[in-house]
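Take a look at the structure set out below.
The values are calculated or read from the model by the stated rules, or taken from the named source; none is laboratory data. All figures in this text were calculated on a predicted structure; none of them were measured in a lab. FYI the Cβ positions are ideal-geometry reconstructions off the backbone, even for glycines, and counts take in every protein chain you see. Accessible surface is based on the protein model in full, side chains and every heavy atom, while ligands, DNA and RNA are left aside. Shrake-Rupley method; radii C 1.70, N 1.55, O 1.52, S 1.80 Å.
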Amino acid sequence: MSTADLLAQARSHLEAGQPWKARDLLLARVEATEDTEALVQLGYVLHGMGDLPRAGAMWFAAGVKGPEADVAVAAWREQADDDFAAMWRSLPAGVRAEPRSPRVEALRAKAVLADPRLESPEEPVVRPGELTAPPDLEPAGGGVDAAQVIGWVVAAAFVVCAVIGVVTVLGWIVPS
(Lines give C-alpha, C1' and ligand atoms only; values in the text may rest on other atoms or scores of the structure.)
Protein backbone atom coordinates (compact mmCIF):
# COMPACT_ATOMS: atom_id res chain seq x y z
CA MET A 1 0.00 0.00 0.00
CA SER A 2 1.38 3.41 -0.90
CA THR A 3 2.00 5.99 1.79
CA ALA A 4 -0.76 8.19 0.36
CA ASP A 5 -3.28 5.32 0.54
CA LEU A 6 -2.14 4.46 4.06
CA LEU A 7 -2.51 8.05 5.26
CA ALA A 8 -5.94 8.31 3.62
CA GLN A 9 -7.06 5.12 5.35
CA ALA A 10 -5.70 6.40 8.69
CA ARG A 11 -7.61 9.68 8.19
CA SER A 12 -10.81 7.78 7.48
CA HIS A 13 -10.37 5.86 10.75
CA LEU A 14 -9.88 9.15 12.59
CA GLU A 15 -12.96 10.69 10.96
CA ALA A 16 -14.95 7.61 11.98
CA GLY A 17 -13.91 8.17 15.61
CA GLN A 18 -11.58 5.15 15.66
CA PRO A 19 -8.15 6.57 16.47
CA TRP A 20 -6.87 3.20 17.72
CA LYS A 21 -7.37 1.75 14.23
CA ALA A 22 -5.40 4.64 12.70
CA ARG A 23 -2.70 4.14 15.34
CA ASP A 24 -2.43 0.40 14.69
CA LEU A 25 -2.35 0.87 10.92
CA LEU A 26 0.39 3.51 11.09
CA LEU A 27 2.35 1.62 13.77
CA ALA A 28 2.41 -1.51 11.60
CA ARG A 29 3.87 0.60 8.77
CA VAL A 30 6.64 2.21 10.83
CA GLU A 31 7.55 -1.13 12.43
CA ALA A 32 8.10 -2.57 8.95
CA THR A 33 9.85 0.36 7.26
CA GLU A 34 11.01 3.90 7.92
CA ASP A 35 8.22 6.06 6.53
CA THR A 36 8.60 9.67 7.64
CA GLU A 37 5.09 10.68 6.62
CA ALA A 38 3.61 7.76 8.56
CA LEU A 39 5.77 8.65 11.58
CA VAL A 40 4.55 12.25 11.52
CA GLN A 41 0.91 11.19 11.22
CA LEU A 42 1.35 8.54 13.92
CA GLY A 43 2.75 11.26 16.18
CA TYR A 44 -0.39 13.34 15.62
CA VAL A 45 -2.65 10.35 16.28
CA LEU A 46 -0.83 9.48 19.49
CA HIS A 47 -0.84 13.13 20.56
CA GLY A 48 -4.58 13.26 19.96
CA MET A 49 -5.00 10.12 22.05
CA GLY A 50 -3.12 11.81 24.90
CA ASP A 51 0.02 9.67 24.60
CA LEU A 52 2.61 12.47 24.59
CA PRO A 53 5.69 10.28 25.20
CA ARG A 54 4.97 7.98 22.27
CA ALA A 55 4.08 10.96 20.09
CA GLY A 56 7.42 12.47 21.09
CA ALA A 57 9.26 9.31 20.04
CA MET A 58 7.64 9.34 16.62
CA TRP A 59 8.19 13.05 16.08
CA PHE A 60 11.81 12.76 17.24
CA ALA A 61 12.39 9.98 14.70
CA ALA A 62 10.71 12.02 11.95
CA GLY A 63 12.61 15.20 12.85
CA VAL A 64 9.45 17.22 13.55
CA LYS A 65 10.08 20.64 15.10
CA GLY A 66 7.76 23.03 16.88
CA PRO A 67 6.18 23.66 20.27
CA GLU A 68 3.90 20.58 20.24
CA ALA A 69 6.76 18.33 19.21
CA ASP A 70 9.09 19.87 21.80
CA VAL A 71 6.60 19.19 24.61
CA ALA A 72 6.02 15.63 23.39
CA VAL A 73 9.75 14.88 23.04
CA ALA A 74 10.30 16.27 26.56
CA ALA A 75 7.57 13.93 27.83
CA TRP A 76 9.26 11.02 26.03
CA ARG A 77 12.62 11.87 27.60
CA GLU A 78 11.02 12.28 31.03
CA GLN A 79 9.21 8.94 30.76
CA ALA A 80 12.49 7.23 29.87
CA ASP A 81 14.35 9.20 32.56
CA ASP A 82 16.81 10.20 29.80
CA ASP A 83 17.89 6.54 29.54
CA PHE A 84 19.20 6.50 25.97
CA ALA A 85 19.03 2.69 25.74
CA ALA A 86 15.33 2.73 26.72
CA MET A 87 14.72 5.56 24.29
CA TRP A 88 16.45 3.64 21.49
CA ARG A 89 14.40 0.52 22.19
CA SER A 90 11.20 2.56 22.17
CA LEU A 91 11.65 3.58 18.53
CA PRO A 92 9.86 1.46 15.91
CA ALA A 93 11.95 -1.22 14.20
CA GLY A 94 11.71 0.58 10.87
CA VAL A 95 13.40 3.63 12.38
CA ARG A 96 16.14 1.58 14.08
CA ALA A 97 16.99 -0.23 10.82
CA GLU A 98 19.82 1.01 8.62
CA PRO A 99 20.23 3.44 7.01
CA ARG A 100 19.34 5.81 9.85
CA SER A 101 18.90 9.55 9.97
CA PRO A 102 21.74 11.45 11.70
CA ARG A 103 19.61 12.22 14.78
CA VAL A 104 18.55 8.57 15.16
CA GLU A 105 22.15 7.45 14.65
CA ALA A 106 23.23 9.90 17.38
CA LEU A 107 20.65 8.40 19.75
CA ARG A 108 21.88 4.90 18.86
CA ALA A 109 25.48 5.86 19.60
CA LYS A 110 24.50 7.20 23.03
CA ALA A 111 22.34 4.12 23.65
CA VAL A 112 25.23 1.75 22.84
CA LEU A 113 27.46 3.67 25.25
CA ALA A 114 24.78 3.27 27.94
CA ASP A 115 24.14 -0.41 27.13
CA PRO A 116 26.81 -2.14 24.99
CA ARG A 117 24.50 -5.15 24.53
CA LEU A 118 22.62 -3.05 21.96
CA GLU A 119 25.58 -3.57 19.63
CA SER A 120 24.65 -7.26 19.25
CA PRO A 121 22.37 -8.45 16.45
CA GLU A 122 19.96 -9.97 19.02
CA GLU A 123 18.85 -6.53 20.14
CA PRO A 124 15.69 -6.65 22.26
CA VAL A 125 12.53 -5.64 20.42
CA VAL A 126 9.95 -3.31 21.96
CA ARG A 127 6.36 -4.22 21.23
CA PRO A 128 3.59 -1.66 20.65
CA GLY A 129 2.39 -0.23 23.94
CA GLU A 130 5.76 -0.51 25.70
CA LEU A 131 7.80 2.48 26.85
CA THR A 132 8.51 5.01 24.14
CA ALA A 133 10.69 8.05 24.61
CA PRO A 134 13.56 9.73 22.55
CA PRO A 135 15.81 12.72 23.33
CA ASP A 136 16.30 15.75 21.19
CA LEU A 137 19.77 14.78 20.00
CA GLU A 138 21.67 16.30 17.22
CA PRO A 139 24.19 14.24 15.25
CA ALA A 140 27.19 13.29 17.30
CA GLY A 141 30.12 15.52 16.46
CA GLY A 142 33.80 15.03 17.03
CA GLY A 143 33.69 17.10 20.24
CA VAL A 144 35.18 16.26 23.59
CA ASP A 145 32.97 14.63 26.23
CA ALA A 146 33.06 16.92 29.28
CA ALA A 147 32.36 14.06 31.69
CA GLN A 148 35.37 12.17 30.39
CA VAL A 149 37.64 15.22 30.78
CA ILE A 150 36.42 15.74 34.35
CA GLY A 151 37.04 12.05 35.08
CA TRP A 152 40.64 12.29 33.86
CA VAL A 153 41.27 15.46 35.88
CA VAL A 154 39.90 13.83 39.06
CA ALA A 155 41.99 10.70 38.40
CA ALA A 156 45.14 12.80 37.93
CA ALA A 157 44.44 14.73 41.15
CA PHE A 158 43.96 11.44 42.98
CA VAL A 159 47.31 10.13 41.73
CA VAL A 160 49.10 13.36 42.75
CA CYS A 161 47.56 13.22 46.23
CA ALA A 162 48.49 9.55 46.57
CA VAL A 163 52.13 10.26 45.65
CA ILE A 164 52.30 13.16 48.13
CA GLY A 165 50.79 10.92 50.82
CA VAL A 166 53.30 8.13 50.19
CA VAL A 167 56.23 10.57 50.29
CA THR A 168 54.95 12.09 53.55
CA VAL A 169 54.47 8.69 55.23
CA LEU A 170 57.92 7.57 54.08
CA GLY A 171 59.36 10.80 55.57
CA TRP A 172 57.84 9.90 58.93
CA ILE A 173 59.08 6.30 58.82
CA VAL A 174 62.58 6.74 57.39
CA PRO A 175 64.79 9.17 59.33
CA SER A 176 66.54 11.76 57.22
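Note on the range 80-92: residues that are over 11 Å from Ala57 (Cβ atoms), open to solvent by 30 Å² or more (accessible area, probe 1.4 Å) and in a helix (DSSP H, G or I) amount to 1. Screening Leu6 on (1) assigned to a helix (DSSP H, G or I); (2) within 25 Å of Arg103 (Cα to Cα); (3) out of contact with any Phe, Trp or Tyr (no Cβ under 8 Å at 6 or more places or on another chain) shows it passes everything except condition (2).
To keep it simple, each residue is scored yes or no on (1) within 18 Å of Pro92 (Cα to Cα); (2) touching a helix residue (DSSP H, G or I) at 6+ places or on another chain (Cβ under 7 Å); (3) surrounded by 14 or more Cβ atoms within 10 Å (Cβ to Cβ).
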{"site": "Met1", "(1), (2), (3)": "no, no, no"}
{"site": "Ala16", "(1), (2), (3)": "no, no, no"}
{"site": "Trp20", "(1), (2), (3)": "yes, no, no"}
{"site": "Leu39", "(1), (2), (3)": "yes, yes, yes"}
{"site": "Gly50", "(1), (2), (3)": "no, no, no"}
{"site": "Arg54", "(1), (2), (3)": "yes, yes, yes"}
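In the range 66-77, the condition of being charged (D, E, K, R) and modelled with pLDDT under 90 is met by no residue.
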